[in-house]
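Before any comments, here is the structure.
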Amino acid sequence: MTVLVYVNTAKQVGDAEHIKVFATVDAAERWFEENDPEGLAFEYEVLE
């Protein structure tokens, strides 16, 4: 299983808006459309 991770470098570490984790591509796309159209997320494997 993988997730998509977005890091907002304009925010400080620990800020609630610093990192976003998305379970699906659709969820990430919807968030980016509304909040950061030029932003990027990277795929990260979830360890079980």
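Laboratory data are not the source of any read-out in this text; all were calculated from the coordinates shown. Quick caveat: nothing in here was measured; it's all calculated off a predicted structure. Virtual Cβ from ideal backbone geometry, glycine too; neighbours counted across all protein chains shown.
Can you give the helix-only mean residue ellipticity at 222 nm for the chain, where every DSSP H stretch with n ≥ 4 adds -39500 (n - 2.57) and the sum goes over all residues, rounded to the nearest 500 deg cm²/dmol?
Mean residue ellipticity, 222 nm, calculated: -7000 deg cm²/dmol.
Comparing Asp26, Asp15, Asp36, which has the greatest mean-square fluctuation in the GNM of the chain with Cα pairs linked when under 10 Å apart?
Asp15
Can you tell me the convex hull volume per residue for the stretch 2-45, based on C-alpha atoms, in Å³ to the nearest whole number?
Each residue corresponds to 70 Å³ of Cα convex hull volume.
Based on other C-beta atoms within 10 Å, arrange Leu4, Leu47, Leu40 from fewest to most.
Numbers: Leu4 20, Leu47 5, Leu40 10.
Ordered by Cβ neighbours within 10 Å, fewest first: Leu47, Leu40, Leu4.
Report the full-extension gain for the segment Lys11 to Ala27: residue separation times 0.36 nm, less the Cα-Cα distance, to one decimal in nm. Walk me through the numbers before you get to the answer.
Working: separation 16, 0.36 × 16 = 5.76 nm, distance 2.13 nm.
Separation in residues times 0.36 nm, less the Cα-Cα distance, equals 3.6 nm.
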